[in-house]
Amino acid sequence: MMLLASHGFMIAYLPQMNSEGMRNRPFYGTRFANVDGVYHVAGDSATRHHVQRRRCYCYDHYKQLIPYMDAWSRQKSLVRMRHDLVGRDEDHSDMLIILQHPPVYTLGTGSLEKYLHFNIQDAPYEIYRTERGGEVTYHGPGQLVMYPIVNLRYHKMDLHWYLRSLEEVIIRVLSSTFAIKASRIKGLTGVWVGNKKVAAIGIRVSRWITYHGLAVNVTTDLSPFQRIVPCGLQDREVCSLKELLGNSLSGKIEDSVLIDTAHESLVKEFSEVFQLSLSHRSIS
């Protein structure tokens, strides 16, 4: 018996036999798929697992300024709903919220007020202490925020893996769409270009369901960052994609176009890194 390879499939072929004899052979007409170097009968559970992506409902409001409290409450509501679905073994889809926020400062669970350069009772913008990890940060117009509500049981039950995967999404966006080389810094969370942080990450995980997420400075006014020590890092600066692109795009591209381009790339790379099939939904 010889095996003929064709488009990733192996087909059993028996030479010098009449059609009736071939039909009576055990593997006549059977197709085999190569999955990670192992051949399986095409269509069995092993191949379906690799072909079919988990669904992810995408609540995409990236052009809108959603108040922080509204988005935070929505996340917690969705997490509670996901817990109920998990309990009934009906958690079949992940979720992703994309938006911008009006100017706001947020602190993590253990954030220190010493990193604020203002009186917390007289803050220049709204300020919220949340249950995410990390120190103080700023959200505002021109910053794309992604809140994945993902069940890590269907991905990898490893918080370090999840954080590195979020970073990978941003690193790929900057490289593939804008030809900017970004990187991680050992011991720190986020994405950096040189010594400047272009994206911050702060998450919370409840019974393996994630919420909070990442924020990428695209066309963000960076001046509000001067009122805080971003992420509690005294010797680091923040930057924006617009700043990194510099004079090469000055006067040639509107902020809205840059936001659109970055958004499209973020959605694409997120779905690729997490191997999800996005289905767009509206927030009711």
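The values are calculated or read from the model by the stated rules, or taken from the named source; none is laboratory data. Nothing here was measured: the structure is a model prediction, and the numbers come from that model. Cβ sites come from the backbone with ideal geometry, for glycine too, and all protein chains shown count toward neighbours. SASA here: full protein model, heavy atoms, side chains in, ligands and nucleic acids out. Shrake-Rupley method; radii C 1.70, N 1.55, O 1.52, S 1.80 Å.
Here are some notes:
- Entirely in the range 82-144, the strands (runs of 3 or more DSSP E) that have 3 or more residues that are touching a His at 6+ places or on another chain (Cβ under 9 Å), open to solvent by less than 30 Å² (accessible area, probe 1.4 Å) and under 29 Å from residue 259 (Cβ atoms): 93-100, 104-107
- Scanning the range 238-251 for residues that are open to solvent by less than 50 Å² (accessible area, probe 1.4 Å) and among the small types (Gly, Ala, Ser) turns up 240, 246.
- Filtered residue count, the range 57-74, keeping only those that are in a helix (DSSP H, G or I), hydrophobic (A, V, I, L, M, F, W, C) and open to solvent by 60 Å² or more (accessible area, probe 1.4 Å): 1
- Positions within the range 145-166 being part of a helix (DSSP H, G or I) and touching a helix residue (DSSP H, G or I) at 6+ places or on another chain (Cβ under 7 Å), in sequence order: 152, 162, 165
- When residue 205 is tested against the conditions (1) without any contact (Cβ under 8 Å) to a residue 60 or more places away in the chain; (2) in contact with a Lys or Arg (Cβ under 9 Å, 6 or more places away or on another chain); (3) not charged (D, E, K, R), the lone failure is (2).
A quick yes/no check of all residues on (1) open to solvent by 50 Å² or more (accessible area, probe 1.4 Å); (2) touching a Ser or Thr at 6+ places or on another chain (Cβ under 6 Å); (3) among the aliphatic types (A, V, I, L, M):
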residue	(1), (2), (3)
212	no, no, no
225	no, no, no
229	no, no, yes
236	yes, no, no
253	yes, no, yes
267	no, no, yes
270	no, no, no
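- Residue under evaluation residue 211, criteria (1) of a type outside the set (D, E, K, R); (2) closer than 22 Å to residue 156 by Cα; (3) in a helix (DSSP H, G or I), criterion not met: (3)
- Residues in the range 179-195 that are outside any strand (DSSP E or B), closer than 19 Å to residue 243 by Cβ and open to solvent by 30 Å² or more (accessible area, probe 1.4 Å): 179, 181, 185, 194, 195.
- Check on residue 127, of a type in the set (Val, Ile, Thr), more than 21 Å from residue 267 (Cα to Cα) and out of contact with any Phe, Trp or Tyr (no Cβ under 7 Å at 6 or more places or on another chain): no
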